[in-house]
2 protein chains.
Amino acid sequence: MNIGNAARASGISAKMIRHYEAIGLISAGRGANQYRVYSQADVAELRFIRHARDLGFPLQDVKRLLDLWRNRARASGEVKRLALDHVAALEAKAKSLSAMAESLRHLAQHCHGDDRPDCPILEELAGAFSSQVASLGDSENATKETGKEGCHG
Amino acid sequence: MNIGNAARASGISAKMIRHYEAIGLISAGRGANQYRVYSQADVAELRFIRHARDLGFPLQDVKRLLDLWRNRARASGEVKRLALDHVAALEAKAKSLSAMAESLRHLAQHCHGDDRPDCPILEELAGAFSSQVASLGDSENATKETGKEGCHG
DNA sequence: CTGGCGCTTCCCATAATGGGAAGGTCAAGC
DNA sequence: GCTTGACCTTCCCATTATGGGAAGCGCCAG
C-alpha cells in the first residue's frame, strides 16, 4: 500500500511517517514510480510506534524499543529498564506540573478577581518569592543577591 | 548595567534576555557603544518573567501578565482568569502524564526484566490495543502485499 | 599595545508535528 | 486522447524555549 493508506491504517500522519523514515526510525520500499510502499509488517511497526508515542516515549526511546522488538534475542530486562526510567521521568514531570498548579492555585485563591487593580498574583510574580516550586523540571538557579552593581561605563 | 549583569541579577541568561527583546517581551536601552543597558526596573521585569516562567506560564501568557503588571489600571479579574486557565492546563497535563506513567508501570510490573526475550511491554506496544496483527514480531511470512486495500498500485 | 573578557549579530540545533507550495503519477470519466 | 482529481514526491517554513558557537568589535588592565 501507499503512504496514505499506511497512515490511515496506523493512525500516524503521512507527514510523520516520512519524518520517521528520514530520521532512520523505519524504512520503506519504493515502487517503480518512486512512491513509498508499505507492507502489513510495516504498518505493524507504525502502530507500535504510535502506541509507544501514546505512552509518552520520546522518539529516541521508541527507536530503542523498536530495535528490541525486532530483535528476537532481546533481553526483556532492557525493555523494562527503559520503561521504568520513562515512568520515573513521567512522574517527575507530572509532579513538577502539579506543584506549579498548586502554587498558582494558591496564589489565585487570594486574588479578588474583580475590576480592582490590587492583585496578589502579580505581587508575588514581582518578587515576593520565598519557595521554589519548579525545581523538578528545568529551573536551575535560586535567588541571587540583588543590587550589586558593576556597571563599567 | 550591561546584559551580563542583568542576567546574573535576574537569573535569566543573556541569550534569553536578547531573545525576549527580539520577540517584544521587553525592551532595552542602548549605550553609545550599542551595548544594551538595563535599569533596576528592567531587572525587576526580568525577575517577574522568570517567576512567571517558573510557574510554567508560556511566554505568550507572560507577555500578557507583564502588560497587566505594567498597567496600574488593570483589572485583577483578568490576571486571575489567566492564572486559573493556566492552572487548568497544568493539571490536565499532569493528569495525562500520570496516566501514561501508571499504564506503563502496570505493563512493566508484568515484565520479568531478565535476559529472556519474553516481554509483555513489547507485546502490548505491538498491538494488544488494536489486536489486528499480533505475530509480526518474529516471522517474515506475514502478509507482504495483500491487495485488500483500495490502492491504485 | 596586547591580552582577555564582554558585548554584538547571525546561524544552527534541539523534539515533534504540521502547513503549504511546486510538480510528478495514476486511474477514471467524457 | 485529454481533463480532472486524488494521491504522491521533495523542499521550505513555523512552532516553543533554550542553548551553542563563530566572527567581529569594545573596553579596561597591565
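The values are calculated or read from the model by the stated rules, or taken from the named source; none is laboratory data. Keep in mind that this is a model prediction, so the values were computed, not measured. Don't worry about glycine lacking a Cβ; one is built from the backbone with ideal geometry, like all the others, and counts go over all protein chains shown. For accessibility, only protein heavy atoms count, side chains too; no ligands or nucleic acids. Shrake-Rupley method; radii C 1.70, N 1.55, O 1.52, S 1.80 Å.
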Do any trypsin sites (Lys or Arg not before Pro) in the range B:43-88 lie in a loop, going by DSSP, with at most 11 other beta-carbon atoms within 10 Å of their beta carbon, and if so which?
B:72
Restraint check, A:93/B:15; A:80/B:93; A:15/A:95; A:63/A:95; B:15/B:95; A:80/B:95, Cα-Cα greater than 31 Å
A:15/A:95; B:15/B:95
Long-range amide H partners of residue B:37, meaning residues 5 or more apart or on another chain whose placed amide H is closer than 5 Å, are B:29, B:30, B:31
Leaving out ligands, DNA and RNA, what percent of the accessible area of the range A:3-55 is carbon and sulfur, probe 1.4 Å?
48 percent
Buried by partner chains in the range A:1-37 (accessible area down by at least 30 Å² vs chain alone, 1.4 Å probe, heavy atoms, protein only) are A:1, A:2, A:5
Whole-Hz couplings from phi, Karplus 6.51/-1.76/1.60, listed for the range A:33-46; x for Gly and Pro:
8, 6, 6, 5, 10, 10, 8, 4, 5, 5, 4, 4, 5, 4
Show me you know the interface measure: the accessible area buried between B and A, both chains summed, probe 1.4 Å, in Å² to the nearest 100.
6100 Å²
With every protein chain present, what accessible area does residue B:119 have (1.4 Å probe, heavy atoms only), rounded to the nearest 10 Å²?
0 Å²
What are the ³J(HN,Hα) couplings of the range B:110-115, residue after residue, when phi is run through the Karplus curve with 6.51, -1.76, 1.60 and θ = phi - 60°? Round to Hz, x for glycine and proline.
9, 9, 3, x, 10, 9
For the range B:1-57: accessible area per residue (Å², 1.4 Å):
45 Å²
Size of the range B:4-120 as Cα extents on the principal axes (Å, biggest first)
70, 39, 20
So for A:69, B:69, what's the accessible-area order with a 1.4 Å probe, most first?
B:69, A:69
Residues hit by the 10 Å² burial cutoff in the range B:80-95, accessible area with a 1.4 Å probe, assembly against chain on its own, are B:80, B:83, B:84, B:87, B:90, B:91, B:93, B:94
Starting from the Cα of residue B:32, move 7 Å in the Cα-to-Cβ direction to define the label point; list residues of the range B:1-19 whose amide nitrogen is under 19 Å from there.
B:1-3
Enter the accessible area per residue of the range A:76-125 (Å², integer; probe 1.4 Å; all protein chains in place).
49 Å²
In whole Å and largest first, what semi-axes does the C-alpha gyration tensor of the range A:76-125 yield when each eigenvalue is scaled by 5 and square-rooted?
41, 7, 6
Under 25 °C and 0.890 mPa s, how fast does the range A:3-55 diffuse according to Stokes-Einstein, given a Kirkwood radius computed over C-alpha pairs? Answer in µm²/s, whole number.
223 µm²/s
